[in-house]
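Peer 1: Let me begin by handing over the structure; questions about it come next.
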Amino acid sequence: MKKIQWFLMSVLFCALTALTACSNNDGSRSSEEKQPIGNLSEKILGKWIHVETDGVPMLTNQKSVHTFVLEDSTIKAYNSLAMNDVGAWWEFRKQMDVAIDGNQVTVKGKYDNGKSVITEMAVASATGKELLFDAKTTLFNDGEAYAVIGPRNEKYVLVEKDYSQEILGTWEGHITSDQSAYDDSKLHRWEYKDDGSYVYWGLDEDGEWQADVNSKGDYFVDGNLLCTRWKNVGDPTEHREWWEIASIEDGVMNWTALRRSEQDSVYTATFSMRRVQEP
């Protein structure tokens, strides 16, 4: 039980850092590597997805997306993160304040549950396509600091495509990999609506589509990251799953995700579907 509690707290810390993730290694870069970066305020602009911590690829269910934009001569960040196993955290493009001083980027944000976060990023490299930095995050509850995480070596890559509008409509498809966390290899349908809800359809014994499987279904897409949460009829348990949208082209949508199995091995799950109805 203690191991489970420690794991859940680790997951909590990972998600709440918004611009960092958990690791047991002190991966701060040497001072020689931290050379001044010209035009950092311009190079940091864009939509970024978290791909590595201390050189270890992030599982898809641990990923988050961060967007830096220039608004009225002020840089703002909009962070999207959700949490697996802990249901209180579901943030879609949460606005954060940003301050830049040399190679140091500080991001601050407050959440509705009384918690807040300050992340200090010491940027080592910013190419316009990739961000490398050391991050230290301090978590607060009602203004009192209760955890400090870091420093960690983080890697973010630029997201070239936002699929938040292209996903709208009804899709039909099935798993195309050997395994996936929730899939049964059968044909299914999803109707993604523009209000952030979705309807999941399954085939009954007579081969008819039925939409009575879920009592709840929410989602958001930020860039290429699709985050979903749902409850099945008659079951109060909330389930969550993220996918990365690999492509939407010619009425075909493909997903991919890096998962960890119950046997603690890492595998890639893939899914393919075709659009059967426009929004």
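Peer 1: Going by the conditions given, is K47 buried (at least 21 other Cβ atoms within 10 Å of the Cβ), among the charged types (D, E, K, R) and in contact with a strand residue (DSSP E or B) (Cβ under 6 Å, 6 or more places away or on another chain)?
Peer 2: Taking the combined requirement at face value, the residue satisfies it.
Peer 1: Kindly establish whether S125 is small (G, A, S), in a strand (DSSP E or B) and touching a residue at least 40 places away in the same chain (Cβ under 8 Å).
Peer 2: Criteria met by S125.
Peer 1: Please verify whether R260 is modelled with pLDDT under 95 and basic (K, R), treating the condition exactly as stated.
Peer 2: yes
Peer 1: When you go through T119, T106, T53 one by one, which is the residue that is under 17 Å from R152 (Cβ atoms) and in contact with a Leu (Cβ under 7 Å, 6 or more places away or on another chain)?
Peer 2: Unique residue meeting the criteria: T119.
Peer 1: Among the numbered conditions (1) touching a Ser or Thr at 6+ places or on another chain (Cβ under 6 Å); (2) open to solvent by 30 Å² or more (accessible area, probe 1.4 Å), tell me where E208 comes up short.
Peer 2: (1)
Peer 1: Under 6 Å by Cβ, and 6 or more places apart or on different chains, what pairs join a residue from segment 252-278 that is open to solvent by 60 Å² or more (accessible area, probe 1.4 Å) with one that is assigned to a strand (DSSP E or B) and among the polar types (S, T, N, Q)?
Peer 2: Between residues of segment 252-278 that are open to solvent by 60 Å² or more (accessible area, probe 1.4 Å) and residues that are assigned to a strand (DSSP E or B) and among the polar types (S, T, N, Q), the close pairs are Q277/T170.
Peer 1: Just to be sure, is D194 without any contact (Cβ under 8 Å) to a residue 12 or more places away in the chain, open to solvent by 50 Å² or more (accessible area, probe 1.4 Å) and assigned to a loop (DSSP other than H, G, I, E, B)? If you could, list the steps in order and put the result at the bottom.
Peer 2: Numbers: without any contact (Cβ under 8 Å) to a residue 12 or more places away in the chain: no; open to solvent by 50 Å² or more (accessible area, probe 1.4 Å): yes; assigned to a loop (DSSP other than H, G, I, E, B): yes.
For D194, the condition - without any contact (Cβ under 8 Å) to a residue 12 or more places away in the chain, open to solvent by 50 Å² or more (accessible area, probe 1.4 Å) and assigned to a loop (DSSP other than H, G, I, E, B) - is not met.
Peer 1: Another question, if that's okay. Do you know which of the residues in segment 121-168 that are among the hydrophobic types (A, V, I, L, M, F, W, C) and open to solvent by 30 Å² or more (accessible area, probe 1.4 Å) is farthest from M273 (Cα to Cα)?
Peer 2: Ranking the qualifying residues of segment 121-168, first place goes to A145.
The values are calculated or read from the model by the stated rules, or taken from the named source; none is laboratory data. Note that this is a predicted model, so its numbers are computed, not measured. A quick note on method: Cβ atoms are made from the backbone with ideal geometry, for glycine too, and the neighbour counts reach across all protein chains shown. SASA here: full protein model, heavy atoms, side chains in, ligands and nucleic acids out. Shrake-Rupley method; radii C 1.70, N 1.55, O 1.52, S 1.80 Å.
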